[in-house]
Amino acid sequence: MNFRNFMLIIAVLLAAGLFLVGCGPTETFDDRLQAIVTARGIRPYEPPPPPDPALVALGEALYYDKILSGNRDTSCATCHHPTQASGDGLPLPIGTGGTGLGPQRQMGMGRERIPRNAPEVFNRGAAEWRTMFWDNRVMLDEDGEFISPAGNRLPDGLQNVLAVQALFPVTARDEMRGDRGDVDVLGQPNELAAIADTNIPAIWDGLMKRLLAVPEYVALFQAAYPDTPPEELDFSHAANAIAAYEAAAFNLYQSPWYAYLNGDRSAMSDEAKRGAVLFFGDAGCAACHSGSLFTDQQARVIAAPQIGPGKGDAAPYDYGRFWETGDPRDKYAFRTPPLLNVAATGPWLHDGAYSTLEAVIRHHLDPATALRNYDPAKHLPPDLQDSFQTNLAVIEEMLGNVDPLLAPSRRLSPQEVAALVAFLEALTDTAVTDLANIMPTAVPSGLPVTEN
Ligand code: HEC
Ligand code: HEC
């Protein structure tokens, strides 16, 4: 044996000794994870009771029907599609005027990208939900009142924040309503786009007029609301139905993690268990991604790279939650996203800036380095690459606002980052890639459902 080999053997023995000291002679990642699960009282996700089938049937029709868009060319499913893990597969969505589905979708003439990533809509029927949107602009407050962009013009009778959310995509010009002067796919003037932006109730009334002109919708509304005379129906009834459909159709939580928490210790790989130990331990992830949905529903700053057109007066930047609160600490804050099925729902973050989970995790572990070295060519389609904001003063401002909870207790090795990815993958329900069959083949308006 030469000296080099001898030293190598010594090193291996030392490393093994350190490893044993580190986690006890027989302690496995499984043992450590079991201890964490017990200590933290981690429980498997509990699905909500199934909603009323008549409400779901109405909601299903509405969800896939482009009649809800001014130009009759966009449905909820365009951006939250069953074959795209309930998102659209794009960093930033393409709304009305666009054609095609998923990553292949093309922009219409004279239109712009939507400023924020279309989130997945899995498990939004859970009773825990108190917030909607990346900036929590829809919220259930402590007094049980809904806060929303409609202020005191919000209709009564909304069942939950998911139903409140469903009132707004139809009002957004770039998503569903269209621009003044637009002509719809049938060659008719777009009457919804002609309404003033401030007159939100008139948009909802206009939509009800469209829907109740279709006999099949009258029947679906009657079945869902047998005690409500047709003249008392308003768009909140449609919104409750859309929410019921989303809750019923996208209830996907049966992951290896779920099986593991229900007692099947072989459901997760050793690597995924190692990742879980890090997630709840040294990597500090559970400080924000908490509870069975893996979100505390708080808006927090992680200094995500800013890309795309930006939002409001701050464009090309997006100040996130700051728009709602005016609190400087909320500048660049976005709601902690839930993580069930996250491996299937890229690109990630509020603007889809990252195309791999590894990059997302590395960003969390060291935002300053990740942001300064962000490479748009690695993560974005060509038309968005130039939109990455490199202004150093803004980058410093973002980094100065980073949430103090974003502090792993030590540096992680590449193997540990890979283990975190393996844990996130273990949060995936296998049915996620098998949702094409939940789509209806036709909708009451007769508009096409298939291509987008
Ligand atoms: C053009 C793409 C597009 C269309 C069409 C669209 N959405 Fe979205 N959706 C988005 C984007 C982008 C966001 C995030 C916006 C934000 O947070 O500011 C979003 C957010 C949501 C959320 C919030 C999820 C959460 O937890 O915060 C739900 C639920 C949702 N949409 C459902 C719907 C429904 C229902 C419809 C049809 C009425 C619809 N969307 C139409 C792009 C779209
Ligand atoms: C300080 C709170 C906080 C901590 C701690 C935290 N995150 Fe996050 N995480 C967020 C926020 C906020 C976002 C969204 C930020 C944005 O889009 O601008 C996010 C986004 C994500 C996403 C992308 C999800 C999606 O749908 O786009 C993943 C994956 C993720 N975090 C995993 C982790 C992991 C793994 C850890 C531990 C290493 C971790 N997070 C620690 C707050 C946190």
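The table for this structure:
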| quantity | calculated |
| --- | --- |
| Heavy atoms of residue 140 accessible to a 1.4 Å probe, total area in Å² rounded to 10 | 60 |
| Extension gain from residue 264 to residue 205, taking 0.36 nm per residue of separation minus the Cα-Cα distance | 16.1 nm |
| Sequence-separation-based contact order of the range 53-251, relative, with Cα cut under 8 Å and 6+ spacing, percent | 30 |
| Å² per residue, accessible surface of the chain at 1.4 Å | 45 |
| R0 of 30 Å, Cβ-Cβ distance residue 430-residue 219: FRET efficiency to nearest 0.05 | 0.25 |
| Debye, to nearest 20: dipole size of the range 53-251, +1 on Lys, Arg Cβ, -1 on Asp, Glu Cβ | 660 |
| Candidate lysines - alpha carbon under 28 Å from residue 209, same-chain residues fewer than 8 apart omitted | 66 |
| Charge sum, other residues only, whose C-beta stays under 9 Å from residue 29's C-beta, Lys/Arg counted +1 and Asp/Glu -1 | -2 |
| Of the GluC sites (Glu not before Pro) in the range 406-452, those whose Cβ has at most 15 other Cβ within 10 Å and which sit in DSSP loop | 451 |
| Solvent-accessible area, 1.4 Å probe, carbon plus sulfur percent, for the range 53-251 | 54 |
| Percent RCO, i.e. relative contact order, over the chain, from Cα pairs under 8 Å lying at least 6 residues apart | 22 |
| Long-range HN-HN contacts of residue 354 with modeled amide H, under 5 Å | 348 |
| Inter-label distance for residue 405 and residue 438, nm, one decimal - labels placed 7 Å from Cα along Cα-to-Cβ | 2.8 |
| Amide H partners (placed H, <5 Å) of residue 320, local residues excluded | 332 |
| Cβ-derived FRET efficiency at R0 45 Å, residue 34 paired with residue 99, nearest 0.05 | 0.30 |
| Three-way shape label, the range 212-352, alpha-carbon gyration tensor, a/c 1.5 | oblate |
| Farthest positive-ward along the chain dipole, Cα basis, beta-carbon charges - from 91, 28, 387 | 28 |
| Solvent-accessible surface ranking, highest first, for 99, 228 at 1.4 angstrom | 99, 228 |
| Those lysines that a straight Cα-Cα span of less than 25 Å connects to residue 378, excepting residues fewer than 8 apart in one chain | 311 |
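The values are calculated or read from the model by the stated rules, or taken from the named source; none is laboratory data. For clarity, every value in this text was computed on a predicted model and none was experimentally measured. Using ideal geometry, Cβ is built from the backbone for each residue, glycine included, and neighbour counts are taken over all protein chains shown. Surface areas here come from the heavy atoms of the whole protein model, side chains and all, with no ligands, DNA or RNA. Shrake-Rupley method; radii C 1.70, N 1.55, O 1.52, S 1.80 Å.
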